[in-house]
Structure formats: C-alpha cells, structure tokens
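Novice: The structure that follows is given in the form of structure tokens.
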Amino acid sequence: MIVVAGATGNVGRPLVQALAAAGEQVTAVSRGAGPRDLPTQVRHQQADLADPANLKPAFDGAEALFLLVTGNLSAGDVTGVLDTARAAGLSRVVFLSSQGVGTRRHPPELENAVKQSGLEWTMLRPGGFGSNALMWSGMVREQRMVAAPFGDVALPVVDPADIADVAAAALRGTGHVGNTYELTGPARISPREQVAVISDVLGEPVQFVEQGREEARAGLLQFMPEPVAETTLDILGTPSPAEQRVSPDVERVLGRPPRAFAEWAARNAAAFR
C-alpha cells in the first residue's frame, strides 16, 4: 500500500488517481475531508502532519509514502513524520521538494531530514508550477485581463500532472532510490505567452497588463511571508541559468516529453470561463 500525504493538492490529487488506476492500494491523507472525486477503492485518512502520532492508522500496512509539506512545517516536524513511518514498517519515501534547494534559493533542511531518515528516498525538485496561473482566474473571469510582473521573462513551468506521474513511477518502480529529479516543462514560457495560451483556449481576447515589482510584491504579501515573496520575485524577474534550464528528467523517467502549458490550460479552462 502507498500513502499519499497532501492528497487534495495540485500534485496529490492526480497522484492518487494515477496510483489507483494502476491498481495500487492507496491511503489518501489530508487535513480536511477527502476530495469528492476520490476513487472508491482509495481509503481516506484525515490527519495533520504536525501531529505525527495521528498518522499511525494511515501507515498501517503501507510500504511507501509520498510526502509534501506546507511552509509552516519544520525539519523537526518532517523527522517526526518519517520516524513514525519507519516505525510502522514503511521502507520508501518520495519527497516533493523544490528546484530552489538545488539553486540554493531555499534551505536544504527538509531534504536533509529525509536523507537522514533511514528510509529509501527519492527527491522531486519541480520548478514553477503551471497551475500557478490559477491565481489569475478571477481576473480572467471578471475582466478578461491578467496583471502580472516580468511579462517577458520565460521559465519552463511544469504541469503538476507530470510531477504526479514521476512520483507514481518512483513509488511503484525500481531504480529511483537515491535519485534527485529536477522537473520542468518542455520549453520556457513567459507570463505574456501564458496569457495568450489562455486566450486561445477560451476563444476570447485576454489582455496582459505588466505590473511593477513593488505592485506585485504587495499582492504576494497578502498570502505569503516577505522573504518568500522576495525570493519568488527574484526567480520570476531575474532567474539564474539553472532556473531557466529545461530538464530532461521528466522524459527520462516517463519515456515521454513533459506536457506543454497549453495542455494544462486546456484541462483547466473551466477555471477561467
């Protein structure tokens, strides 16, 4: 059995679906109620990663764990989760980290906790998610416009469904233990180009309005701490060559190219209508 922590998120949801479709026994863990579209054969366990003891029922009979953590959890919290998993007999963890660890934008403490857990591990380091465009959905629905900074700075955003597929391969297959995969899309795409794709999907014009850094910063500070906002703006505005690089790892693991942003936009068109 495979435990998926964070089963209601942009990666966890398609991962649960993919594992269930492959015939795996899955326990989906989330802090809230289980998603409505949870496959009938999937067991749901409501639990908070900040309280590892309440994860014991989810880990009963499991062999592997997919783990992602929110920004309010520390390396100590992650260690508690992994200690509980190991005590329950799990042997493998696939950890959703960040490209920023490799580029040193983000600290390595969480990855270090996983590597020191005594479990077999695989690290996933995605770059920016294509699904971050959902932040624009309200503007698109109400005004048919998007306001965003750094309109012509292009990054190879990754489809969360590709992250889920790589995670499923690492959880089910062999040859992934001790590997770190950097996950990107197939090509760099700028915010202006993303908006053009959304416009094409909708069949209606969507205007792009470029924000200045300070205006964008004020918007980010409404839902993220200042250091995170500053790092995010640095990546979006002045990315390093490593952050602009298209990684071969999705295709290396899955045997197919990563999905383009246009595929993500087509699947999620309803959010912008």
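The values are calculated or read from the model by the stated rules, or taken from the named source; none is laboratory data. None of these values were measured; they are calculated from a predicted model. A quick note on method: Cβ atoms are made from the backbone with ideal geometry, for glycine too, and the neighbour counts reach across all protein chains shown. Keep in mind that these areas ignore ligands, DNA and RNA; they rest on the heavy atoms of the full protein, side chains included. Shrake-Rupley method; radii C 1.70, N 1.55, O 1.52, S 1.80 Å.
Novice: Which of the residues that make up region 84-93 are outside any loop (DSSP other than H, G, I, E, B) and in contact with a helix residue (DSSP H, G or I) (Cβ under 8 Å, 6 or more places away or on another chain)?
Specialist: Step one: list which residues in region 84-93 are outside any loop (DSSP other than H, G, I, E, B), which gives 84-87, 92-93.
Hits for region 84-93 are T84, A85, R92, V93.
Novice: Within region 35-73, which residues are buried (at least 18 other Cβ atoms within 10 Å of the Cβ) and farther than 18 Å from A20 by Cβ?
Specialist: If the condition is that a residue be buried (at least 18 other Cβ atoms within 10 Å of the Cβ) and farther than 18 Å from A20 by Cβ, then A47, L49, P52, L55, F59, L67, L68, V69 are the ones that fit.
Novice: D159 passes all but one of (1) among the acidic types (D, E); (2) modelled with pLDDT of 95 or more; (3) open to solvent by 20 Å² or more (accessible area, probe 1.4 Å); which number fails?
Specialist: Tallying (1) among the acidic types (D, E); (2) modelled with pLDDT of 95 or more; (3) open to solvent by 20 Å² or more (accessible area, probe 1.4 Å), D159 fails exactly one: (3).
Novice: Count, please, the residues in region 234-254 that happen to be in a loop (DSSP other than H, G, I, E, B) and open to solvent by 70 Å² or more (accessible area, probe 1.4 Å). Write out each step before concluding.
Specialist: We begin by selecting, within region 234-254, every residue in a loop (DSSP other than H, G, I, E, B); these are 238-240, 245-248.
In the following step, the residues that additionally are open to solvent by 70 Å² or more (accessible area, probe 1.4 Å) were identified as 238, 245.
Going through region 234-254 one residue at a time, the tally reaches 2.
Novice: Could you check region 74-96 and list, in sequence order, the residues that are touching a Leu at 6+ places or on another chain (Cβ under 9 Å) and either farther than 17 Å from V3 by Cα or open to solvent by 50 Å² or more (accessible area, probe 1.4 Å) (or both)? Show your work before the answer.
Specialist: We begin by selecting, within region 74-96, every residue touching a Leu at 6+ places or on another chain (Cβ under 9 Å); these are 74-75, 77-78, 80-82, 84-86, 88, 90-96.
Once the filter is applied, which keeps residues that are touching a Leu at 6+ places or on another chain (Cβ under 9 Å) and either farther than 17 Å from V3 by Cα or open to solvent by 50 Å² or more (accessible area, probe 1.4 Å) (or both), region 74-96 yields S74, A75, D77, R86, S91.
Novice: If the requirement is being outside any strand (DSSP E or B) and surrounded by fewer than 18 Cβ atoms within 10 Å (Cβ to Cβ), which of these qualifies: L134, L171?
Specialist: L134
Novice: Say we look at region 255-265 and pick out the residues that are in contact (Cβ under 8 Å) with a residue 12 or more places away in the chain and farther than 20 Å from M135 by Cβ; which of these is most open to solvent (accessible area, probe 1.4 Å)? Don't jump to the end; show me each part of the working.
Specialist: Initial filter on region 255-265 (in contact (Cβ under 8 Å) with a residue 12 or more places away in the chain): 257-265.
Cutting the leftovers down to farther than 20 Å from M135 by Cβ gives us 257-258.
Working: P257: 78, P258: 18 Å².
Filtering region 255-265 for residues that are in contact (Cβ under 8 Å) with a residue 12 or more places away in the chain and farther than 20 Å from M135 by Cβ, the one most open to solvent (accessible area, probe 1.4 Å) comes out as P257.
Novice: Another question, if that's okay. If you scan region 145-154, which residues turn out to be surrounded by fewer than 21 Cβ atoms within 10 Å (Cβ to Cβ) and either touching a residue at least 60 places away in the same chain (Cβ under 8 Å) or of a type in the set (V, I, T) (or both)?
Specialist: M145, A147, P149, V153, A154, listed by residue number.
Novice: I've got another one for you. Which one is nearest to the chain's Cα centre (by Cα), of the residues in region 180-233 that are buried (at least 19 other Cβ atoms within 10 Å of the Cβ) and of a type in the set (F, W, Y)?
Specialist: Y181
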